[in-house]
Each structure stands twice: as structure tokens, then as C-alpha cells.
1. Over the chain, give the accessible area per residue in Å² for a 1.4 Å probe, as an integer.
2. Pull up the DSSP beta bridges for the chain and report the antiparallel fraction as a percent, rounded to 5.
3. 5 Å is the cut-off here: which amide hydrogens, built 1.01 Å from N in the peptide plane, fall below it relative to Leu174, excluding neighbours closer than 5 in sequence?
4. Using only the alpha carbons of region 35-98, determine the length spanned along each of the three principal axes and report them from longest to shortest in whole angstroms.
5. Can you tell me the dipole magnitude for region 63-206 around its Cα centre, using point charges on the Cβ only (Lys, Arg +1; Asp, Glu -1), in Debye to the nearest 20?
6. With a ≥ b ≥ c taken as the square roots of the eigenvalues of the C-alpha gyration tensor of region 120-171, please select rounded if a/c is under 1.5 and otherwise prolate if a/b is larger than b/c or oblate if it is not?
7. Which length gain, in nm to one decimal place, applies between Phe162 and Arg88 when the Cα-Cα distance is subtracted from 0.36 nm times their residue separation?
8. About its Cα centre, how strong a charge dipole does region 38-122 have in debye, to the nearest 20, once Lys and Arg get +1 and Asp and Glu get -1 at the Cβ?
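The values are calculated or read from the model by the stated rules, or taken from the named source; none is laboratory data. Keep in mind the model is a prediction, meaning the values are calculated, not measured. Neighbour counts run over all protein chains shown; Cβ positions are idealised from the backbone, glycine included. The accessibility values were calculated without ligands, DNA or RNA, using every heavy atom of the protein model including side chains. Shrake-Rupley method; radii C 1.70, N 1.55, O 1.52, S 1.80 Å.
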Amino acid sequence: MNDRRRPAGGRPETATGPGVPARRHPRPSREQLAAAADRLLPDVIAPGLDVLFVGINPGLWSAATGWHFARPGNRFWPALHRGGFTPRLLHPSEQDELPALGLGITNMVARASARADELTAEELVDGARVLTGKVAQHRPRWVAVVGVTAYRIGFARPKAGFGPQPETLGPARLWVLPNPSGLNAHFTPETLGAAFGELRAAVVAG
């Protein structure tokens with residue numbers, strides 16, 4: 001479903017972490033990042049997933065590399081591991097390993113931008129409708145929206161908080177997680193991992 005695209009040039013990026021062998025990936029150049037604006041990033045998705053994670057929209061780094069949550073400093077992949085979803089810390093380039101673990105990634109809004117606050121409310125509302133269709137087609141058990149503001153706007157739930165939601169999204173139960181962006185100073189790596197761990201416990205409990 002997803003194709004791995006790598007930038008043609010740029011500085012190498014080294015991925016390190018517990019259980020992750022050192023590897024080097026080219027870092028997108030400034031020109032490549034600029035060219036990635038409005039580019040679409042394919043979903044990592046399959047039928048019957050345990051959890052479909054929903055980002056707000058791809059950043060330029062993700063659009064340039066073809067990897068979700070790819071920008072250095074984004075804490076999605078460490079939180080996924082801290083929360084118990086992955087047996088080791090995965091590099092964004094390993095995203096295609098997620099469906100075998102019962103996990104997938106999509107976005108509320110498909111187009112890439114430098115910052116999530118560049119999106120309009122109309123885009124988020126339209127994205128929520130598209131997401132509803134994806135969930136109806138692929139039928140994950142849980143949908144986890146990674147960003148409470150996007151969820152509130154897209155689904156017209158202005159008072160929604162973090163954690164499980166009282167409503168469902170078609171056949172799926174809903175959960176709202178904090179935005180793992182490095183710009184979100186309200187959550188540390190530890191508290192972000194704990195938030196993911198709460199969802200993991202709910203998934204395991206059935």
C-alpha cells in the first residue's frame with residue numbers, strides 16, 4: 001500500500017536507539033523540503049488493524065522522505081516503543097513493518113505543510129470525512145488521533161480531551177493522543193510514552 005521514497009541527496013541521518021542498529025539515511029536538502037509542500041504521503045494501512053494512528057498532516061520532512069513522523073525530534077516512534085506497541089525502537093524508514101504488528105498510520109489531512117497550523121478548519125472537517133471512509137473500508141479496532149486540536153475541529157467535538165472518547169468512528173473505538181511533535185512542550189518523552197501506554201493497555205484488554 002505504501003511506497004518508500006528516499007530523497008536523492010542531502011546529509012546523512014543516523015538512527016540510533018535501544019535495539020536499533022546504526023544506519024544512515026540521506027537528510028532532505030532545503031530545496032527538497034521546499035519541493036515537498038502539498039505532496040501526498042501514502043498511508044500505511046491494512047484491513048483489521050488493532051490501531052490506526054491518525055496524524056494531523058504530513059510535515060515537509062515526511063513528504064520529502066515518504067516516511068510518516070520522519071522529522072528528527074518528532075517523538076512518535078519513541079512513544080510507540082515506550083508505550084509497548086513495538087518490540088524495539090523503529091526508524092521511520094521501517095514503517096512498513098507496522099501492519100504485521102497490527103498498526104497503521106494515516107493523516108487527517110493528506111497534503112504536506114511546514115506546520116500543522118497552516119491547515120484550515122475546512123480541511124480538517126473534510127479530512128474527518130475521508131478518515132471515516134477509510135475506517136469503514138479497513139475496519140480497525142481502534143482509531144487513535146494524534147492531536148487533540150485537530151480532533152476537536154475535524155469532528156466538531158470542541159470539549160474533547162485526551163484518552164478514550166465516548167463516541168465511535170463507524171466500527172472503531174476512538175482515542176485521542178497528544179501531538180508527538182517536538183514543538184509540543186506540554187509533554188515530555190516519558191509522559192508521551194505513558195499516554196501511548198494507556199492506549200496499549202486498552203487494546204490488550206480488548
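1. Per residue, the chain has an accessible area of 47 Å².
2. Of the beta bridges lying entirely in the chain, close to 45 percent run antiparallel.
3. Residues meeting the criterion, in which the H sits 1.01 Å from N, are Val143, Gln165, Leu169.
4. 35, 28, 18
5. In debye, rounded to 20, region 63-206 gives about 260.
6. oblate
7. Difference between extended and current length: 24.1 nm.
8. Computed about the Cα centre, the dipole is about 300 debye.
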